[in-house]
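Working notes, beginning with the structure itself.
The values are calculated or read from the model by the stated rules, or taken from the named source; none is laboratory data. Worth saying up front: this structure is predicted, and the values here are computed from it rather than measured. With ideal geometry, Cβ positions are generated from the backbone for all residues, glycine too; neighbour counts draw on all protein chains shown. With ligands, DNA and RNA removed, areas are computed over all heavy atoms of the protein, side chains included. Shrake-Rupley method; radii C 1.70, N 1.55, O 1.52, S 1.80 Å.
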Amino acid sequence: MVGNGFMGAAHSQGWRVAPRFFELAATPETTVLVGRDEHRVAAAADNWGWHETSTSWRDTIARDDIDVVDIVTPGDSHAEIAIAALEAGKHVLCEKPLANTVAEAEAMAAAAERATEQGIRAMVGFTYRRVPAVTFARDLVAAGRIGQVRQVRAVYLQDWLRDAESPMTWRLDKTRAGSGALGDIGAHAVDLAQFVTGRQLASVSGVLETLVAERPLLAEGRGLSGTAAAERGQVTVDDVALFTGRFDDGVLGSFEATRFSTGRKNALRLEVSGSDGAIAFNLEDLNSLQFYDATADPAVQGFTKVLVTEPEHPYVSAWWPAGHMLGYEHGFSHQARDFVDAIVRGEQPRPSFADGLQVQRVLDAVETSSGAGSAWTAV
């Protein structure tokens, strides 16, 4: 695994736990953790159960005993590492968004397509697909339980940047992150809407806004641009993204991504309205799905809260008795299970790099639309 920040902890949990609860087709061994700082990566490896460490991802992917490379670094390094790993014959799991630009994502998707000819697989980590309630929602829509899809609403609300004096981080630097709320959390809203409905966005009209233009640089040493720590750094990404989208079958969707929604910590919400019913999901209540059956007797119609903890629900049979809740980290175990099993079966794991590229094109179209006065822009 390349990277040892927040996502490194989450992915490590997934790799470690998946083979202990699922009957995997092969057992992953957490062999090498790669990071730039040898002391930090050593401490992380000790905490997360990696056998050894390295400060060179290039040396690591050249090793014969490495089969899989998991990339959890900032977006500016995704393309270089992923393409090199695929060309070295390694299966690749890469965090979302796939890259910082469409051109990088196209190169990654092309490399993944070439690698497929040698039986090498690549997947992008849109982990929220694997929350049982989300997969169940997808299954209900696919089975026609809400009838014809007519409208989609997706929002991702956080508030961790609401304090204007919060310091700069790499997520606020466009050269590192590619975009702000749009790519960081908006990408999840886009993927979730497309995954659950089985449709793809074809055009968008949106606006991006930066609410706090400058922030204090980190107090330790030097800031992002190499200036003195007492200075302030320029925020070069969006804080808020609002856009309307039209899916490939004409259905309209509305989307919002913000890290300034005061009081909202991790509210990824999706609502899909259909001719015969509706579903609604909120990540802050991730063990349940709201389901509305418009074909029922009008006297008893209403949104029903379905507790998605039964063994019949996706992934749940591997875990606890009904009503014993799952958490954020379980999605990463489900991701590891699906990735390993697809590799062993010789199948393409989903979402593929091609799927990641399509989401990247949506993000790019939103940015283009915002720069053109919210003009409708093709994906």
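Miscellaneous remarks
- Selection from region 246-266 of residues that are outside any loop (DSSP other than H, G, I, E, B), surrounded by 17 or more Cβ atoms within 10 Å (Cβ to Cβ) and of a type outside the set (S, T, N, Q): Arg246, Phe247, Gly253, Phe255, Glu256, Ala257
- Helices (runs of 4 or more DSSP H) fully within region 50-130 counting 1 or more residues that are of a type outside the set (A, V, I, L, M) and closer than 28 Å to Ala193 by Cα: 78-87, 102-116
- Residues in region 316-375 that are polar (S, T, N, Q), touching a strand residue (DSSP E or B) at 6+ places or on another chain (Cβ under 7 Å), part of a helix (DSSP H, G or I) and open to solvent by less than 40 Å² (accessible area, probe 1.4 Å): Gln335, Ser369, Ser370.
- Leading residue by the ranking (nearest to the chain's Cα centre (by Cα)) among those in region 82-108 that are surrounded by 22 or more Cβ atoms within 10 Å (Cβ to Cβ), aliphatic (A, V, I, L, M) and farther than 14 Å from Asp70 by Cα: Ala99
- Qualifying residue in region 253-260 (condition: closer than 30 Å to Glu209 by Cβ, of a type in the set (Ser, Thr, Tyr) and touching a helix residue (DSSP H, G or I) at 6+ places or on another chain (Cβ under 8 Å)): yes
- Of the set (1) open to solvent by less than 30 Å² (accessible area, probe 1.4 Å); (2) modelled with pLDDT of 95 or more, all apply to Leu217 but (2).
- Residues (in contact with a strand residue (DSSP E or B) (Cβ under 6 Å, 6 or more places away or on another chain) and more than 19 Å from Leu326 (Cα to Cα)) located in region 5-37: Val32, Leu33, Val34
- Selection count, region 123-140, where residues are surrounded by 22 or more Cβ atoms within 10 Å (Cβ to Cβ) and more than 23 Å from Phe332 (Cβ to Cβ): 0
- Identity of the residue in region 5-32, buried (at least 17 other Cβ atoms within 10 Å of the Cβ) and in contact with an Asp or Glu (Cβ under 6 Å, 6 or more places away or on another chain), that ends up nearest to Trp319 (Cα to Cα): Gln13
Table: residues versus (1) closer than 24 Å to Leu98 by Cβ; (2) surrounded by 13 or more Cβ atoms within 10 Å (Cβ to Cβ); (3) acidic (Asp, Glu).
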| residue | (1), (2), (3) |
| --- | --- |
| Val34 | yes, yes, no |
| Glu38 | no, no, yes |
| Ala42 | no, yes, no |
| Ala45 | no, yes, no |
| Trp50 | no, yes, no |
| Thr53 | no, yes, no |
| Ser56 | yes, no, no |
| Asp65 | no, no, yes |
| Val72 | yes, yes, no |
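- Applying the set (1) touching an Asp or Glu at 6+ places or on another chain (Cβ under 7 Å); (2) free of Cβ contacts under 8 Å to residues at least 60 places away in the same chain; (3) open to solvent by less than 30 Å² (accessible area, probe 1.4 Å) to Ile120 leaves exactly one unmet item: (1).
- Odd one out for Thr236, checked against (1) in contact with a strand residue (DSSP E or B) (Cβ under 9 Å, 6 or more places away or on another chain); (2) surrounded by 14 or more Cβ atoms within 10 Å (Cβ to Cβ); (3) modelled with pLDDT of 95 or more; (4) of a type outside the set (A, V, I, L, M, F, W, C): (1)
- Residues located in region 58-86, provided they are among the hydrophobic types (A, V, I, L, M, F, W, C) and within 23 Å of Asp173 (Cα to Cα): Ile71, Val72, Ala79, Ile81, Ala82
- Within region 146-162, tally of residues that are buried (at least 18 other Cβ atoms within 10 Å of the Cβ) and under 17 Å from Phe195 (Cα atoms): 6
- Against the test of being surrounded by 18 or more Cβ atoms within 10 Å (Cβ to Cβ), under 21 Å from Asn266 (Cα atoms), of a type in the set (A, V, I, L, M) and in contact (Cβ under 8 Å) with a residue 24 or more places away in the chain, the options Leu201, Leu172, Leu211 yield a single qualifying residue, Leu172.
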